[in-house]
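Down below is the structure, laid out as structure tokens.
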Amino acid sequence: MTENSAKDIPFSADLGNAKLAIIGLGYVGLPLAVEFGKKFPTIGFDINATRISELQDGVDVTQEVESNELENLEHLTFSCIIDELKKANVYIVTVPTPVDAHKRPDLTPLIKASEMLGQVISVGDVIVYESTVYPGATEEDCIPIIERVSGLTLNQDFFAGYSPERINPGDKEHRLTTIKKVTSGSTPEVADYVDRLYGEIITAGTHKASSIRVAEAAKVIENTQRDLNIALINELAIIFNRLGIDTLEVLEAAGTKWNFLPFRPGLVGGHCIGVDPYYLTHKAQEIGYTPEVILAGRRINDGMGPYVVSQVVKRMLQRRLHIQDAQVLIMGLTFKENCPDLRNTRVVDLVSEFQDYGANVDVWDPWVDGDEAEEEYGIRPIAEPKPGHYDAILLAVAHREFASMNHEAIRSYGKERCVLYDIKAVLEKEAVDGRL
């Protein structure tokens, strides 16, 4: 950015003047607040007063940040008081962007955050969105709200950026600072400022996109691509099952070629892969195009829960086990292993399918908060399975606690003719009665 161009914009391009506020302290926002709080005055804001109280006590229920990381951060404070946000001049929005019951984007959290920011921003402030959206959402949906509430005008009075989150919950290797960050801004000068700001904390480096819309599109296709790859493997698993071929053995054989991608079949949930494609398909349909491949992949992945249950029921019938009033144990409820994240978990599809058959289902997950599971899905996980109690056991999530158990230990929870189905291929093929 040249000296002349800096004079044309009313915000301080000097990073030394940055005072940040991170809006939303979930899996994305908290690690961001902690890292920025090491270098800049930072307010970690969340509307959940309980969450703020826990963080002030050094407790992160998401387990993304250790207690010692929350201590001795002299630049970081936590608050649920809106007026506190007026102290900041750079706002980063990390609220969730889910889909509704009809698989349509639900921008409610984003809209409410934008309305709130419209009440607190001042001339010269910069607002950066990290939430996953469809291309155009920042400038077409969010910014007009801020302009209406604040009375300020984009690129005259305040400025915007978009830097998509790339947090992988439960992953202790790929962390915020070690994942390359895409950045963008509403003007070239602001894009440069946002890029330099993130460059202060991201050791892996940054990639400055040419526009906000490009950055939005880049994010939404990352998980769409993964969703389609997993859908392909899930469909192959269905085909191989009918052919009597073990899917994992096929994938291991194919994986000996250097450019074969190592995807595995399974339930596709979570806040990203199972959600983001619907943001892209929504926008595509809005502009008059019906995406066929993306939606086909979504149908396959959304149907894997019922498919798995059908396979288990078939094996139960072969052993003359009654499905009505059968006792079923599902090991794992979170959407992925070794994290407490329940968002959009597709394990609930297994539960509802078995209940539709009239079976009694116990869910066992040592990572899950029972109150949260009950509030979100009406499921109260059990503390410990009953030995010799179950007609069917499904290993649904490969938590380390489950992966460390051998098949004898798992089968000890079942009756003599119990069906053991391994969705995650944790156990040896010979030790189970079926797997994807």
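Could you tell me whether any residue of region 58-74 is at pLDDT 95 or above and touching a Phe, Trp or Tyr at 6+ places or on another chain (Cβ under 7 Å)?
Residues of region 58-74 that are at pLDDT 95 or above, as a first pass: none.
Looking for residues that are at pLDDT 95 or above and touching a Phe, Trp or Tyr at 6+ places or on another chain (Cβ under 7 Å), one finds none in region 58-74, hence no.
Determine whether Ile52 is of a type in the set (A, V, I, L, M), under 24 Å from the mean Cα position of the chain (by Cα), open to solvent by 20 Å² or more (accessible area, probe 1.4 Å) and under 22 Å from Glu372 (Cβ atoms).
Numbers: of a type in the set (A, V, I, L, M): yes; under 24 Å from the mean Cα position of the chain (by Cα): yes; open to solvent by 20 Å² or more (accessible area, probe 1.4 Å): no; under 22 Å from Glu372 (Cβ atoms): yes.
In short, no.
Looking only at region 356-384, count every residue that is surrounded by 14 or more Cβ atoms within 10 Å (Cβ to Cβ), more than 18 Å from Glu337 (Cα to Cα) and small (Gly, Ala, Ser) and tell me the total.
Matching residues across region 356-384 total 1.
Residue under question is Lys314, and the condition is that it be under 21 Å from Ala409 (Cα atoms) and of a type in the set (Lys, Arg); does it hold?
Values: under 21 Å from Ala409 (Cα atoms): no; of a type in the set (Lys, Arg): yes.
No: the conditions fail for Lys314.
Name the residue that is least open to solvent (accessible area, probe 1.4 Å), counting only residues in region 79-110 that are charged (D, E, K, R) and assigned to a helix (DSSP H, G or I). I'd like the intermediate steps shown before the answer.
Step one: list which residues in region 79-110 are charged (D, E, K, R), which gives 83-84, 86-87, 100, 103-104, 106.
Narrowing the set further to residues that are assigned to a helix (DSSP H, G or I) leaves 83-84, 86-87.
On the way: Asp83: 100, Glu84: 60, Lys86: 111, Lys87: 126 Å².
Checked region 79-110; the qualifying residue least open to solvent (accessible area, probe 1.4 Å) is Glu84.
Say we look at region 207-246 and pick out the residues that are among the polar types (S, T, N, Q) and not in a loop (DSSP other than H, G, I, E, B); which of these is farthest from Asp192 (Cα to Cα)? Spell out how you get there, then give the answer.
Going residue by residue through region 207-246, those that are among the polar types (S, T, N, Q) are 210-211, 223-225, 229, 234, 241.
Filter again for not in a loop (DSSP other than H, G, I, E, B), leaving 223-225, 229, 234, 241.
Numbers: Asn223: 26, Thr224: 28, Gln225: 29, Asn229: 34, Asn234: 42, Asn241: 52 Å.
Among those that are among the polar types (S, T, N, Q) and not in a loop (DSSP other than H, G, I, E, B), it is Asn241.
Looking only at region 12-65, which residues are more than 22 Å from Val120 (Cα to Cα), touching a residue at least 60 places away in the same chain (Cβ under 8 Å) and assigned to a loop (DSSP other than H, G, I, E, B)?
Answer for region 12-65, where residues must be more than 22 Å from Val120 (Cα to Cα), touching a residue at least 60 places away in the same chain (Cβ under 8 Å) and assigned to a loop (DSSP other than H, G, I, E, B): Tyr27, Val28, Lys38, Lys39, Val61, Thr62, Gln63, Glu64.
What are the residues in region 111-137 that are in a helix (DSSP H, G or I), of a type outside the set (Val, Ile, Thr), without any contact (Cβ under 8 Å) to a residue 40 or more places away in the chain and surrounded by fewer than 24 Cβ atoms within 10 Å (Cβ to Cβ), if any?
To start, the set of residues in region 111-137 that are in a helix (DSSP H, G or I) comprises 111-120, 137.
Then keep just the ones that are of a type outside the set (Val, Ile, Thr); that gives 112-119, 137.
Imposing the further condition that a residue be without any contact (Cβ under 8 Å) to a residue 40 or more places away in the chain reduces the set to 112, 114-115, 118-119.
Residues satisfying the conditions are Lys112, Glu115, Gly118, Gln119.
Regarding region 405-420, can at least one residue be identified that is open to solvent by less than 50 Å² (accessible area, probe 1.4 Å) and under 23 Å from Asn301 (Cβ atoms)?
Quick first cut of region 405-420, residues open to solvent by less than 50 Å² (accessible area, probe 1.4 Å) only: 405, 409-410, 413-414, 418-420.
Now restrict to residues that are under 23 Å from Asn301 (Cβ atoms): none.
No - not one qualifying residue is present in region 405-420.
Do you know which of the residues in region 138-160 that are of a type in the set (Ser, Thr, Tyr) and farther than 18 Å from Leu107 by Cβ is most open to solvent (accessible area, probe 1.4 Å)?
Keep residues of region 138-160 that are of a type in the set (Ser, Thr, Tyr), which gives 138, 150, 153.
In the following step, the residues that additionally are farther than 18 Å from Leu107 by Cβ were identified as 150, 153.
Values: Ser150: 33, Thr153: 52 Å².
Result: Thr153.
Report, by residue number, each residue of region 126-140 that is under 16 Å from Gln285 (Cβ atoms) and under 22 Å from the mean Cα position of the chain (by Cα).
Step one: filter region 126-140 for residues under 16 Å from Gln285 (Cβ atoms), giving 133-137, 140.
Of everything in region 126-140, those that are under 16 Å from Gln285 (Cβ atoms) and under 22 Å from the mean Cα position of the chain (by Cα) turn out to be Val133, Tyr134, Pro135, Gly136, Ala137.
Is it the case that some residue within region 17-37 is in contact with a His (Cβ under 6 Å, 6 or more places away or on another chain) and surrounded by 15 or more Cβ atoms within 10 Å (Cβ to Cβ)?
First pass over region 17-37, keeping only residues in contact with a His (Cβ under 6 Å, 6 or more places away or on another chain): 37.
From the residues that got through so far, the ones that are surrounded by 15 or more Cβ atoms within 10 Å (Cβ to Cβ) too are 37.
Yes, that holds for at least one residue.
Give region 308-345 a look and list any residue that's basic (Lys, Arg) and either in a helix (DSSP H, G or I) or more than 13 Å from the chain's Cα centre (by Cα) (or both), or say none. Steps first, answer last, please.
Residues of region 308-345 basic (Lys, Arg): 314-315, 319-320, 336, 343.
Lys314, Arg315, Arg319, Arg320 - these are the residues of region 308-345 that are basic (Lys, Arg) and either in a helix (DSSP H, G or I) or more than 13 Å from the chain's Cα centre (by Cα) (or both).
Anything in region 398-420 that is over 19 Å from Val313 (Cβ atoms) and of a type in the set (Val, Ile, Thr)? List them, or say none.
Passing the criteria: only Ile410.
Please tell me if Thr187 is in contact (Cβ under 8 Å) with a residue 24 or more places away in the chain, over 30 Å from Asn338 (Cβ atoms) and out of contact with any helix residue (DSSP H, G or I) (no Cβ under 6 Å at 6 or more places or on another chain).
Working: in contact (Cβ under 8 Å) with a residue 24 or more places away in the chain: yes; over 30 Å from Asn338 (Cβ atoms): yes; out of contact with any helix residue (DSSP H, G or I) (no Cβ under 6 Å at 6 or more places or on another chain): yes.
Spelling it out, Thr187 is indeed in contact (Cβ under 8 Å) with a residue 24 or more places away in the chain, over 30 Å from Asn338 (Cβ atoms) and out of contact with any helix residue (DSSP H, G or I) (no Cβ under 6 Å at 6 or more places or on another chain).
Here are Ala398, Ala409, Ala383, Ala425: which of them is within 32 Å of the chain's Cα centre (by Cα) and at positive phi? Outline the logic, then answer.
Numbers: Ala398 fails: at positive phi; Ala409 fails: at positive phi; Ala383 fails: at positive phi.
Going through Ala398, Ala409, Ala383, Ala425 in turn, the sole match is Ala425.
Restricting the search to region 247-263, which residues are surrounded by 16 or more Cβ atoms within 10 Å (Cβ to Cβ) and in a loop (DSSP other than H, G, I, E, B)?
Phe263
So which residues in region 385-402 are open to solvent by 20 Å² or more (accessible area, probe 1.4 Å), assigned to a helix (DSSP H, G or I) and in contact (Cβ under 8 Å) with a residue 60 or more places away in the chain, if there are any at all?
Arg400
Within region 173-198, track down each residue that is assigned to a helix (DSSP H, G or I), open to solvent by less than 40 Å² (accessible area, probe 1.4 Å) and not acidic (Asp, Glu).
Going residue by residue through region 173-198, those that are assigned to a helix (DSSP H, G or I) are 176-178, 188-198.
Filter again for open to solvent by less than 40 Å² (accessible area, probe 1.4 Å), leaving 176-177, 190-195, 197-198.
Across region 173-198, the qualifying residues are Leu176, Thr177, Val190, Ala191, Tyr193, Val194, Leu197, Tyr198.
How many of the residues making up region 138-166 are part of a helix (DSSP H, G or I) and within 18 Å of Lys208 (Cβ to Cβ)?
Keep residues of region 138-166 that are part of a helix (DSSP H, G or I), which gives 138-150.
Among the residues that remain, those that are also within 18 Å of Lys208 (Cβ to Cβ) are: 138-139.
Matching residues across region 138-166 total 2.
Starting from region 271-294, take each residue that is among the charged types (D, E, K, R) and list its partners that are open to solvent by 30 Å² or more (accessible area, probe 1.4 Å), counting only C-beta distances under 8 angstrom and pairs at least six apart or across chains.
Once the first residue is among the charged types (D, E, K, R) and sits in region 271-294, its partners that are open to solvent by 30 Å² or more (accessible area, probe 1.4 Å) give Asp276/Glu222.
For a quick check of your reading of the model, give me the residue pairs whose first member lies in region 229-254 and is over 17 Å from Val312 (Cα atoms), whose second is of a type in the set (D, E, K, R), with beta-carbon atoms closer than 8 Å and at least 6 apart or on different chains.
Ile230/Arg264; Ala231/Arg298; Ile233/Arg264; Leu248/Arg264; Leu248/Lys429; Leu248/Arg435; Glu249/Lys429; Leu251/Arg264
Quick check: anything in region 282-303 assigned to a helix (DSSP H, G or I), open to solvent by 40 Å² or more (accessible area, probe 1.4 Å), among the aliphatic types (A, V, I, L, M) and within 18 Å of Asn344 (Cα to Cα)?
yes
The values are calculated or read from the model by the stated rules, or taken from the named source; none is laboratory data. Not measured: the values here are computed from a predicted model. Backbone-built Cβ (ideal geometry, glycine too); neighbour counts: all protein chains shown. To get the accessible areas, we keep the full protein, side chains included, count just its heavy atoms, and leave off ligands, DNA and RNA. Shrake-Rupley method; radii C 1.70, N 1.55, O 1.52, S 1.80 Å.
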